[in-house]
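Here is the structure we will look at.
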Amino acid sequence: MSEAANMRMERIERLLNELKYEVTRGLMEQEIDEEIGFRFIVPVSQKIPDGQVFCEFRTRPVTRTQFFPGHEQPRLKIVSK
């Protein structure tokens, strides 16, 4: 990967971590809904000629037993005041 590509990936990872923080805080403070979504299309694909890339972010409530393999358990817990 080029230096520019590495910088772009680092920025995306930083933004995704910031998003994770904001969503976690927003849900814990009950400031945002548990079901939100954001979708967009990037009009170019490197893998499919004349293709595009579909991007999606979605939140939804699940039971504690519905965690997918490889995903860590939440470390934050609600503490009553």
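Here, each number is a calculation from the coordinates, and none is a lab measurement. All figures in this text were calculated on a predicted structure; none of them were measured in a lab. Note: ideal-geometry Cβ built from the backbone for every residue, glycine included; neighbour counts use all protein chains shown.
Quick look at the values:
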item	result
Estimated inter-spin distance, Arg14 and Glu34, nm [label 7 Å along Cα→Cβ]	3.4
Span per principal axis, largest first, for the Cα atoms of region 3-64 (Å)	43, 26, 21
Footprinting exposure proxy for Leu15, Leu27 (fewest neighbouring C-beta atoms within 10 Å first)	Leu15, Leu27
Built amide H within the under 5 Å cut-off of Val53, gap 5+	Val42, Val44
